[in-house]
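I have placed the structure first, in the form of structure tokens, so that the comments after it can refer back to it.
The values are calculated or read from the model by the stated rules, or taken from the named source; none is laboratory data. Predicted, not measured: the structure shown is a model, and the values here were computed from it. All Cβ positions, even for glycine, are placed from backbone atoms using ideal geometry, and neighbour counts span all protein chains on display.
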Amino acid sequence: MRYPDFDLDSLRSFVAVAEAGGFTAAGERLGRTQAAISIRIKKLEEMLGRRVFERTSRSLHLTRDGEMLLGYARRLLELNDEAVRRFTEPEASGEIRLGVVEYFVPRHLPGVLARFARIYPRVHIDVKVGMSSSLTEALDAGQLDLVIAKRDDGETRGRVIWRESMDWVCAPDLPLEDAAPLPLCTMPPPCVFRARGFAALKRIGRSWRVVYTSESGMSVLAAARAGLGIMVTSGSTITPDLRRLGPGDGFPPLGEIEHAVFGEGGSHAEIKATLVHFIEDSLQALAGGRQAA
């Protein structure tokens with residue numbers, strides 16, 4: 001039996017609607033009219049013989065079949081885009097020394113870099129993980145070519161490529177007595193997470209004590225996961241075995257953290273631009289269309 005082929009344009013429209021939350025928003029994202037998006041979704045549903053969205057006058061939700069299709073659609077589009085990019089973009093070659101903060105989308109970045117290596121096999125990336133301050137210092141000293149690191153409020157150096165929430169987290173069974181100083185797990189200064197957390201607690205008059213300090217963000221995360229204390233971290237590092245704390249638990253909001261790229265231009269500018277563009281595209285897909293302003 002010969003099965004019909006998916007229309008990639010219809011799949012791209014489907015993913016855009018699912019991620020953007022509506023036909024109009026998906027059309028704006030893809031540069032198409034709402035009617036054009038609707039036609040592609042109808043075509044997809046007719047091919048499958050299944051509804052992929054439940055639509056009412058006030059809401060739009062994926063059906064169970066739509067939820068199943070979403071994973072397949074993303075994989076098919078990713079493979080398509082990877083193949084097209086591999087054959088249509090200039091053959092880049094060379095070596096890039098890349099510095100990345102440890103908590104920059106840690107569950108996704110290795111996969112992003114692995115895909116980049118498959119598409120651009122002649123580009124060798126030497127990755128160094130560290131704290132933002134040490135990485136930018138290494139960039140200034142000529143020891144790194146490109147850096148992705150955090151940027152605090154008011155900083156203007158670098159170009160923002162990713163924003164995400166900054167959150168309080170702890171182990172689910174960690175007791176949180178109001179009277180006791182809060183046990184905190186943190187990286188040493190200078191650290192945006194540490195400074196932002198301390199300032200927020202000071203504003204509400206909540207006492208704290210540092211019980212664990214490490215230059216490794218993953219080490220601090222492991223300490224919090226083990227129940228040693230509370231930590232401030234970025235949203236993309238939070239795993240299901242951690243409890244997110246908010247105003248209902250007595251913890252003030254912390255705002256967002258900005259991640260910026262430093263060192264664009266200069267030597268190896270073309271290779272660096274190719275890598276940064278690839279990472280930005282991957283982040284856009286990860287965030288469901290949310291882009292840094």
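Looking only at segment 108-131, count how many residues are modelled with pLDDT of 85 or more, assigned to a helix (DSSP H, G or I) and more than 18 Å from Arg85 (Cα to Cα).
Qualifying residue count, segment 108-131: 1.
Please identify the pairs in which a residue from segment 120-144 that is loosely packed, with under 15 Cβ neighbours inside 10 Å has its Cβ atom under 9 Å from the Cβ atom of a residue that is acidic (Asp, Glu) and not in a loop (DSSP other than H, G, I, E, B), counting only partners at least 6 apart or on another chain.
Going by the 9 Å Cβ cut-off, the qualifying pairs are His124/Glu95; Asp126/Glu95; Gln143/Glu137.
Pick from segment 217-259 the residues that are β-branched (Val, Ile, Thr) and at pLDDT below 90: which of them is surrounded by the most Cβ atoms within 10 Å (Cβ to Cβ)?
If we take residues in segment 217-259 being β-branched (Val, Ile, Thr) and at pLDDT below 90, then Ile257 is surrounded by the most Cβ atoms within 10 Å (Cβ to Cβ).
Can you name every residue in segment 144-177 that is over 19 Å from His268 (Cβ atoms), of a type in the set (Asp, Glu) and not in a strand (DSSP E or B)? Talk me through it step by step, then tell me what you get.
Keep residues of segment 144-177 that are over 19 Å from His268 (Cβ atoms), which gives 150-157, 160, 162-177.
When the remaining residues are screened for being of a type in the set (Asp, Glu), the result is 152-153, 155, 164, 167, 173, 177.
Scanning segment 144-177 gives Asp152, Asp153, Glu155, Asp173, Glu177.
Kindly state which helices (runs of 4 or more DSSP H) lie completely within segment 189-293 and contain at least 3 residues that are within 23 Å of Arg107 (Cα to Cα), not assigned by TED's automatic domain parsing to the domain that holds Val105 and not hydrophobic (A, V, I, L, M, F, W, C).
Result: 217-225.
Collect the residues in segment 20-47 that are in a helix (DSSP H, G or I) and either under 12 Å from Ala73 (Cα atoms) or among the hydroxyl-bearing types (Ser, Thr, Tyr) (or both), keeping them in residue-number order.
The answer is Thr24, Ser38, Leu44.
Does Arg225 satisfy being charged (D, E, K, R) and over 20 Å from the mean Cα position of the chain (by Cα)?
So Arg225 fits the description; yes.
Here are some residues: Val84, Val17. Which one is assigned to a helix (DSSP H, G or I), of a type in the set (Val, Ile, Thr), farther than 22 Å from Ile161 by Cβ and at pLDDT below 90?
Of the residues listed, the single one that is assigned to a helix (DSSP H, G or I), of a type in the set (Val, Ile, Thr), farther than 22 Å from Ile161 by Cβ and at pLDDT below 90 is Val84.
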